[in-house]
Amino acid sequence: MTGGALIVGASQAGVQLAVSLRQAGYRGPVTLVGAERHPPYQRPPLSKAFLTGKADAATLELRTTDFYRQHGIDLVTGERITGIELDEAGTGLARTAGGRTLPFDRLALTTGARTRRLEVPGAGLAGVLHLRELDEAERLRRRLTPGARVVVVGAGFIGLETAAAATALGAHACVVEAADRVMSRAVAPPISAFFQQAHLRRGVEVRLEAGVVELTGAHGRVTGVRLADGTVLPADTVVVGIGVVPRTALAEELGLACDGGVLVDACGRTSRPSVVAAGDCARAPHPTLPGQRVRLESVPSAIAQARAAGATLAGAPEANEEVPWFWSDQFDLKLQMAGLADGHDRYVLRGEPAAERFSVLYYREGALVAVHSVNAPADYLAGRAALARGASIPAELAADTGTSLKALVTPVAAVPAAQ
Ligand SMILES: Cc1cc2nc3c(=O)[nH]c(=O)nc-3n(C[C@H](O)[C@H](O)[C@H](O)COP(=O)(O)OP(=O)(O)OC[C@H]3O[C@@H](n4cnc5c(N)ncnc54)[C@H](O)[C@@H]3O)c2cc1C
């Protein structure tokens, strides 16, 4: 069986993988299949500019129709791949829900992730929404009208961005979070405390250590959120933002090793090296975490992994060594992050949270591992550049705002050992 390269999942990683295949010199047919009816689009604005009406669907498209045509990429939208047969040589046949069969001799999985569902009574009521796809964002946008009562479950990036957008549109937003601080999985306590206060100052209600036990409703529509302490928060709309689950079903059916994501090496190869995977569905090694694999949910990471996987699928294996970076826009606050703070044993606060402009630098065994900046792009850029070069910024000097971070970048060997 032949048929060229088949890429399952047409979003950030899938599109980049198709482009990178071509850039690596692959000349065979490329078929990019996506289950959504829209041509591939950017998701980050769905909880930011698109929600507030500053961007429309057309501006979100990743590439034009002409681009796919010019690069010989056969884009198939609105078709879900439901089964894949793969032989020992790495060739096979995929079937879609619509009854199409697609032969291939190279296979890439970029199936991304789906939203985690809230498992409480009432979770299926009308007015309970998730935010992952354009159609969902369109439904939510229509409901964010002045005076609307919106409860957001989950104070992660998407939950807080949604609350900020709802408030900017005149709705009343209340964020409910089970943990004792916002964005607790990703940032240090000073950043959590700052964003909690910043949201309160801008009119968002934030309830921490609050477990949701039920969504109440009338006539099939949601009317409120009942918390474990018995409080019922009135709501016309509930947005569930409690994380995502990687889509690994096809990989598992193919017998590929999966553990919290499709396991891949730095070149994007799965446990069947002829098959590659990239993006939110994949768990990959990371240069700053020796011996560990991480699954990241970010556009830069999806692009970097897909570049490597595309080159690998074209026969020119390439390792992804990019330092992860990420951003979140909440009101007028831009949070920029570089590196991975996982396992840090020390952090240093630089600047004044009260001035809404500061950074946190994270260290592990004396070496810089991540930088998070709020409205401080120069700090972020210096930190990201240092991490990319394997350099550091001495923790003892990092808090001195009289010296630019860029001037403090030091080769790792010169960094004093952690106390
Ligand atoms: C609201 C929102 C805001 C975000 N904000 C940011 C941000 O500010 N910064 C940032 O870096 N990242 C952000 N992200 C995360 C970022 O969008 C994701 O990391 C990125 O989209 C991952 O790309 P992906 O291609 O791996 O997966 P996905 O974008 O999840 O795409 C996977 C695609 O595969 C399709 N698919 C799955 N299975 C099949 C199948 N069997 N057949 C056919 N198609 C299939 C799915 O329908 C989907 O379209 C945000 C995400 C959301 C939802």
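The values are calculated or read from the model by the stated rules, or taken from the named source; none is laboratory data. Since the structure is predicted, the reported quantities are computational estimates derived from the model, not experimental observations. Because the Cβ atoms are built from the backbone with ideal geometry, glycine has one as well, and the counts that use them run over all protein chains shown. Surface accessibility is based on the protein's heavy atoms, side chains included, excluding ligands, DNA and RNA. Shrake-Rupley method; radii C 1.70, N 1.55, O 1.52, S 1.80 Å.
Between ALA355 and LYS54, what length comes free when the chain is fully extended (0.36 nm per residue of separation minus the Cα-Cα distance, one decimal in nm)?
105.7 nm
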For the stretch 271-413, compute Rg over Rh where Rg is the Cα radius of gyration and Rh is the Kirkwood radius from the inverse mean 1/r over Cα pairs. 1.02
Hey, could you get me the Stokes-Einstein D for the chain, Kirkwood radius over alpha-carbon pairs, 4 °C and 1.567 mPa s, rounded to whole µm² s⁻¹? 57
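Per residue Cα convex hull volume for the stretch 208-272, in cubic angstrom?
Numbers: hull volume 9.8 nm³, N = 65.
Normalising the Cα hull of the stretch 208-272 by residue number yields 151 Å³.
Count neighbours as other Cβ atoms within 10 Å of each site's Cβ, and list the GluC sites (Glu not before Pro) in the stretch 317-392 that are DSSP loop with at most 14 such neighbours. Could the numbers behind the result be given before it?
Details: sites: GLU318, GLU321, GLU322, GLU356, GLU365; in loops: GLU318, GLU321, GLU322, GLU356, GLU365.
Taking the stretch 317-392 and a limit of 14 other Cβ atoms within 10 Å, the loop GluC sites (Glu not before Pro) found are GLU321, GLU365.
Would you work out the charge dipole size for the chain about its Cα centre, treating the Cβ of every Lys and Arg as +1 and the Cβ of every Asp and Glu as -1, and quote it to the nearest 20 debye? Display every interim value, and only then the final one.
Numbers: 43 positive and 42 negative charges, 126 e Å.
With Lys and Arg at +1 and Asp and Glu at -1, about 600 debye.
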Which percent of the Cα-Cα distances in the stretch 1-86 go past 15 Å? 61
Per residue value of the accessible surface for the chain (all protein chains in place, 1.4 Å probe), Å²: 43
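What do you get for Rg/Rh over the stretch 121-193 if you use C-alpha atoms and the Kirkwood form of Rh? All intermediate terms of the calculation are to be shown ahead of the outcome.
Numbers: Rg = 13.0 Å, Rh = 13.1 Å.
On the Cα set of the stretch 121-193, Rg over Rh gives 0.99.
What trypsin sites (Lys or Arg not before Pro) does the stretch 182-234 have in DSSP loop regions with at most 10 other beta carbons within 10 Å? Don't jump to the answer; show the numbers that get you there.
Working: sites: ARG185, ARG201, ARG202, ARG207, ARG221, ARG226; in loops: ARG185, ARG202.
Passing both the DSSP loop test and the Cβ count: ARG185.
Taking every pair of distinct Cα atoms and averaging 1/r, then inverting, what Kirkwood hydrodynamic radius in Å comes out for the stretch 128-242?
Details: mean 1/r = 0.0712 Å⁻¹.
Computed over Cα pairs of the stretch 128-242, the Kirkwood hydrodynamic radius comes out at 14.0 Å.
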Among the lysines, which have Cα under 19 Å from the Cα of LYS334 when same-chain residues fewer than 8 positions away are ignored? LYS48, LYS54
Using a cut-off of 14 Å between beta-carbons, work out the net charge of the residues near VAL222 (Lys and Arg +1, Asp and Glu -1, VAL222 not included). +3
Which of the peptides 325-332, 378-385 is most tightly packed, and how do the rest follow, going by the mean number of other Cβ atoms within 10 Å of each residue? 378-385, 325-332
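So, counting K/R as plus one and D/E as minus one, what does the shell of residues with Cβ under 11 Å around ALA35 add up to? Kindly include the intermediate steps, with their values, before the conclusion.
Details: positive: ARG37, ARG80, ARG114, ARG247; negative: GLU36, GLU79, GLU133.
Surrounding charge for ALA35 is +1.
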Along each of the three principal axes of the Cα atoms of the stretch 332-414, give the extent in whole Å, ordering the values from largest to smallest. 37, 27, 20
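Which shape class applies to the stretch 295-371: rounded if a/c is under 1.5, otherwise prolate when a/b exceeds b/c and oblate if not, where a ≥ b ≥ c are the square roots of the Cα gyration tensor eigenvalues? Please report the intermediate quantities before stating the final value.
Numbers: a/c = 4.09, a/b = 1.80, b/c = 2.28.
Oblate, because a/c is 1.5 or more while a/b does not exceed b/c.
Measure off, as a whole percent, the carbon and sulfur share of the 1.4 Å-probe accessible area of the chain, all protein chains present. Mind dumping the intermediate values first?
On the way: 9010 of 17820 Å².
Of the solvent-accessible surface of the chain, carbon and sulfur hold 51 percent.
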Please express the Cα-Cα pair-distance distribution P(r) of the stretch 319-359 as a list of whole percents, one per 5 Å bin, running from 0 to the bin with the greatest distance. 5, 16, 20, 25, 19, 9, 4, 1, 0
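For the stretch 1-158, take the convex hull of the Cα atoms, compute a quarter of its surface area, and give me that in nm², please.
On the way: hull surface 47.1 nm².
Mean shadow area of the hull around the Cα atoms is 11.8 nm².
Please go through the stretch 148-233 and write out the GluC sites (Glu not before Pro) that DSSP classes as loop and that have at most 13 other C-beta atoms within 10 Å. All intermediate terms of the calculation are to be shown ahead of the outcome.
On the way: sites: GLU161, GLU177, GLU205, GLU209, GLU214; in loops: GLU177, GLU209.
Answer in residue order: GLU209.
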